[in-house]
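The values are calculated or read from the model by the stated rules, or taken from the named source; none is laboratory data. All figures in this text were calculated on a predicted structure; none of them were measured in a lab. Because the Cβ atoms are built from the backbone with ideal geometry, glycine has one as well, and the counts that use them run over all protein chains shown.
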Amino acid sequence: MPSKTARDRASLCSFLFADGRQCHMLKKNNTSPFCYFHQHNADVVDDTIRAGEHISSCLTSDFVSNCSLTAALCRTFISVARGDYDLKTARTLAYLAQLMAKTLPGAKHELALSVGRDNMDRVVEYCLARVNENFRRPQANPPPHRLPQPL
């Protein structure tokens, strides 16, 4: 006769260790499959993944501008301040951002050489429009400003 019934096992944490053993702590609540400690670890991992996706959403394309790099850095600083990352990860992200910032002038020079200085503005506008569907190209001829007519 088993020492625990199926009903008793249903109230146990469902975390499995690497060697196949199951955690014997009680579940945190009825909606959570894990005990308090394993649920906390799972929440930390989920929060870190969400923070990483939030930061990387600025850098999702092949074209990285100064503005998108700055936005990603701002999101990184906010995530570090909230405690989403440990200091080692934060230092690594800051170092990578520093490397990316140092390569931007070289990339700008390379782009200018490959497409020509005259076409560079059009190429950048085209890339920004592909990255951001809400990007609005400046109007070629803005409408003249009208003064209100007195009644």
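Considering (1) within 30 Å of ALA129 (Cβ to Cβ); (2) modelled with pLDDT under 75; (3) loosely packed, with under 14 Cβ neighbours inside 10 Å, say which one LEU59 fails and leave the rest. All conditions pass for LEU59, except number (3). Filtering the stretch 7-31 to residues that are in contact with a Cys (Cβ under 9 Å, 6 or more places away or on another chain), in a loop (DSSP other than H, G, I, E, B) and polar (S, T, N, Q) leaves only SER14. Here is the figure for the stretch 32-46: residues that are surrounded by 15 or more Cβ atoms within 10 Å (Cβ to Cβ) and either under 19 Å from the mean Cα position of the chain (by Cα) or part of a helix (DSSP H, G or I) (or both) total 2. Screening the stretch 71-119 for residues that are surrounded by 15 or more Cβ atoms within 10 Å (Cβ to Cβ) and of a type in the set (S, T, N, Q) and picking the one that is farthest from the chain's Cα centre (by Cα) gives THR89. For GLY52, the conditions (1) surrounded by 12 or more Cβ atoms within 10 Å (Cβ to Cβ); (2) modelled with pLDDT of 75 or more all hold with the exception of (2).
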